[in-house]
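Worksheet for the structure shown next.
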Amino acid sequence: MLNLNNPELVRSQSYIDGEWVEADSGELVSVVNPATDEEITVVAKLGVPEAKRAINAANNAWSLWRSKTATERSQLLLHWYDLIIENQNDLAKILTAEQGKPLLEAQAEVLYGASYIEWYAEEAKRINGDIIPQPSGDKRLFVIKQPVGVVGAITPWNFPNAAFVRKVAPALAAGCTFVGRPATETPLSALAIAVLAEQAGIPKGVFNVLVGSRSIGAELTDNPLVRKITFTGSTPVGKKLMKQSADTCKKVSMELGGNAPFIVFDDADIDTAVDGAIASKFRNAGQTCVCANRILVQTGIYDEFVTRFVEKAAAFKLGNGLEAGITMGPMINAKAVDETDALVWEALSKGATLASGGHRHDAGESFYMPTVLIDVPTNARVFKEEIFGPVAPIFRFESEQEALELANDTEVGLASYLYTKDISRIWRMCESLEYGMVGINEGIISNAMAPFGGVKESGVGREGSSYGLDDYLEIKYMCLGGL
């Protein structure tokens, strides 16, 4: 068992209608530390019957929750936020144990996730409507915004705290109720958040967490009581969920895959660009949807950039994220390592050169060396596909137009990055890059106050900011006549 100041945070049951419940079937799922391959605990594995109960509970709780004033909801969210901050170190240890990222990264994720609760606690009091100029003397037109209803959420394993919290925070702030299914690889962070929600006084039925089979996702999309689906994960799964949600015309928001270009021009500050690329590429062992996936460097500084980048990549210390001094943890499992290794060797077979890494690390079967590939051809899979591992392919380009064409040569469009000192180029590139987000001389761009999301096959909708709250609201128009 983890050594925590608050061991109550590690739960093996799901949370439905204010109660901690076992699976009707008695099934269990093992939660394994990917750094050590040791079992942390076993968690109840729920299915469709429990999902139906959670959805019914959320639907029954909705009238009470939406009837609360914005200030009342805000105060409960802020109490929840305070409890998360008080328990941040324990939450970080839980996160590292089940997901693998170094403890410092886990601590940053917990604070990042908490920032969404704080932000949306304040935004709850700013859900404003409109008065439309009267069309005639005897009519008045009004617009109000109301909560969608029951929200179903499915979240991934790579950010088990933040990906979950940044969905539930706007939902509850808007007056919706919530049924969430975290990834079975990493359920403990979401369950710990539920413990603190209960302690904060979030009413029963308003917030429900179910760990279990994929059948839960199907129930969320098929059940007519669920009025919105929010998902973070792969593009193929997101497309499937959108199709499943169509029969009941649910509102959907999808944060899907990425293939981020990281563009460095000759006039960029090389040290700043290298540091930004390292931070973007290797955070969470490369397992983020906004990682620098394709590093595009202009010919004039290509060789110097590669030299400095390889030196920085070699400095990572791999190991168990709970140990001091570790700067890169494991990948989520050995299968993910196999998939990453296959991408590397496919690129090498097409003419890329291995500058560093390119093999497993002796820390364990889920560890892979920080890897740099240079002179990579654009027909390699590492150019076309999201890598989701600690592999950095570096491509050359000659002109601004070529960089733009390479960057946009993908079906997805989540995050992109641009390093240059030319302000005119910044505007030209930002307006032409087909991405929902652009980091300009900055490799870490996520913030609760900013809209997070993509275009093309990277999904629909936004998380964070006031725009993210709109995804949990319906617009109602009222025409008042007879005046």
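Projecting the Cα atoms of A58, A44, V10 onto the dipole axis of the range 1-112, where Lys and Arg carry +1 and Asp and Glu carry -1 at the beta carbon, places A58 farthest toward the positive end. Fully extending the segment from K243 to S215 would add 8.5 nm, taking 0.36 nm per residue of separation and subtracting the current Cα-Cα distance.
Report relative contact order for the range 175-315 in percent, whole number only (criteria: Cα-Cα under 8 Å, sequence separation at least 6).
Result for the range 175-315 is 18 percent.
Taken over the range 15-102, the ratio of Cα radius of gyration to 2.2 N^0.38 Å equals 1.42. Phi angles across the range 415-429 convert, under the Karplus curve 6.51 cos²θ - 1.76 cosθ + 1.60 with θ = phi - 60°, into 3J(HN,Hα) values of 10, 9, 9, 9, 10, 6, 9, 8, 5, 5, 5, 4, 5, 4, 5 Hz, Gly and Pro given as x.
Note on the range 314-353 and the range 26-73: Cα centroid distance 32 Å, given to the nearest whole angstrom.
Taking only the C-alpha atoms of the range 263-339, the Rg (one decimal) and the largest Cα-Cα distance, Dmax (whole number), read 14.0, 41 Å.
Along the axis of the charge dipole computed for the chain (Cβ charges of +1 for Lys and Arg, -1 for Asp and Glu, origin at the Cα centre), the listed residues P147, M242, I423 are led at the positive end by P147.
Please determine, in degrees from 0 to 90 and to the nearest 10, the orientation of helix 188-200 with respect to the longest principal axis defined by the Cα atoms of the chain, where the helix direction is its Cα long axis. Approximately 40 degrees, to the nearest 10. Note on the range 239-322: lysine pairs with Cα distance below 18 Å, sequence gap of 8 or more or different chains, count 7. The value of relative contact order for the chain, using C-alpha pairs under 8 Å at least six residues apart, is 18 percent.
Taking the DSSP beta bridges with both ends in the chain, the antiparallel portion is around 45 percent. Multiplying each eigenvalue of the alpha-carbon gyration tensor of the chain by 5 and taking the square root yields semi-axes of 38, 29, 19 Å, largest first, rounded to whole angstroms. Counting 0.36 nm for each residue step from W345 to K125 and taking away their Cα separation leaves a gain of 73.9 nm. Compared with the alpha-carbon gap, the fully stretched path from K68 to V48 is longer by 4.2 nm at 0.36 nm per residue.
Highest mean packing first, where packing is the average number of other Cβ atoms within 10 Å per residue, the peptides 404-413, 308-317, 282-291 line up as 282-291, 404-413, 308-317.
Nonpolar atom fraction for the chain, defined as the carbon and sulfur part of the 1.4 Å probe accessible area, stands at 51 percent. With helices as the sole contributors, the chain gives -12500 deg cm²/dmol at 222 nm; each DSSP H run of n ≥ 4 counts as -39500 (n - 2.57), and the sum is divided by every residue. Relative to the longest principal axis of the Cα atoms of the chain, helix 162-174 runs at roughly 30 degrees. In terms of its C-alpha gyration tensor, the range 444-483 has a prolate overall shape, because the principal axis ratio a/c (a ≥ b ≥ c, square roots of the eigenvalues) is not below 1.5 and a/b outweighs b/c.
Summing +1 for each Lys or Arg and -1 for each Asp or Glu, what net charge is found among the other residues whose Cβ lies under 13 Å from the Cβ of A279? Net of charged neighbours comes to -1.
Descending by average beta-carbon neighbour count within 10 Å, the peptides 83-93, 126-136 line up as 83-93, 126-136, the highest first.
Binning every alpha carbon pair distance of the range 79-179 at 10 Å from zero, what are the percents per bin? For the range 79-179, the binned pair fractions read 15, 34, 25, 13, 7, 4, 1 percent.
If R0 is 45 Å, the Cβ-Cβ spacing of D422 and S25 corresponds to a FRET efficiency of close to 0.15. Relative to the dominant Cα principal axis of the chain, helix 70-86 is inclined by about 40°. Think of a 1.4 Å ball rolled over the protein heavy atoms: the chain then has 39 Å² of accessible area per residue. Once you have a ≥ b ≥ c as the square roots of the Cα gyration tensor eigenvalues for the range 385-460, tell me rounded if a/c is under 1.5, and otherwise prolate or oblate according to whether a/b is larger than b/c. Here the range 385-460 falls in the rounded category.
The values are calculated or read from the model by the stated rules, or taken from the named source; none is laboratory data. Predicted, not measured: the structure shown is a model, and the values here were computed from it. Quick reminder, even Gly has a Cβ in these numbers, built from the backbone with ideal geometry, and neighbours come from all protein chains shown. Each accessible area value is taken on the protein alone, full model and side chains, heavy atoms only, with ligands, DNA and RNA left out. Shrake-Rupley method; radii C 1.70, N 1.55, O 1.52, S 1.80 Å.
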